[in-house]
1. Taking the Cα atoms only, what angle lies between the long axis of helix 61-71 and the longest principal axis of the chain, rounded to 10 degrees?
2. So how do 92-98, 38-44 stack up, highest first, on mean other-Cβ count within 10 Å?
3. Provide the per-residue ³J(HN,Hα) series for segment 11-18, in order, calculated from phi with Karplus coefficients 6.51, -1.76, 1.60 and θ = phi - 60°, each as a whole number of Hz, with x at glycine and proline positions.
4. So which of Lys53/Lys86; Lys19/Lys42; Lys42/Lys66; Lys2/Lys86 end up more than 18 Å apart, counting from Cα to Cα?
5. Treating the beta-carbon of each Lys and Arg as +1 and of each Asp and Glu as -1, no other charges, what is the dipole magnitude of the chain about its Cα centre, to the nearest 20 debye?
6. Whole-Hz Karplus ³J(HN,Hα) for segment 43-57, in order, using 6.51 cos²θ - 1.76 cosθ + 1.60 and θ = phi - 60°, x for Gly and Pro?
7. Please name whichever of Tyr56, Cys15, Gly44 sits farthest to the positive end of the charge dipole of the chain, dipole taken about the Cα centre and charges placed at Cβ: Lys and Arg +1, Asp and Glu -1.
8. Looking only at Cα atoms, what is the convex hull volume of segment 25-112 per residue, in Å³?
Amino acid sequence: MKSNKLKISQCHAPCTRCKVRNDFLMFESGAGGNFETFVGDKTGNVYRVDMNKMHYLGMELGELLKPAIVIEDGVANIRNIPNEVKCKVCDSIAKMDTITCEGYVEVEAVEL
């Protein structure tokens, strides 16, 4: 597990419950790799999971997330983005269906 400054997409989508715009960061997959984004509720850490490790090395997602699970005090404190975005107004957690990305920022992210 290592931490690096990485470019991440600035995204937003309406909450499925209250319709308020929610901003979130998400790694986009593409020609450079197949990545998933997770956020730790306890620390606020952004985790970039290399899904190629599952496909090519036969690793399980739980195995890849193990260091994050330890840091965040359990799997319940880790959310998959965009499937589990927490609304800033109503606190519901939902999958964002209509996502708009508007540029990139650099963040300190943990690579798993």
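Any read-out appearing in this document is the output of simple, stated calculations on the displayed coordinates, not a laboratory observation. None of these values were measured; they are calculated from a predicted model. No Cβ is skipped: glycine too gets one built from the backbone with ideal geometry, and neighbour counts run over all protein chains shown.
1. Its long axis makes an angle of about 80 degrees.
2. Per-residue Cβ counts within 10 Å, averaged per peptide and sorted highest first, yield 38-44, 92-98.
3. For segment 11-18, the Karplus curve yields 10, 8, 7, x, 4, 6, 9, 9 Hz.
4. Flagged as over cut-off: Lys53/Lys86; Lys19/Lys42; Lys2/Lys86.
5. 240
6. 9, x, 4, 9, 10, 9, 9, 7, 5, 4, 5, 6, 6, 9, 9
7. Looking along the dipole axis, the top candidate is Cys15.
8. About 117 Å³ per residue, rounded to a whole number.
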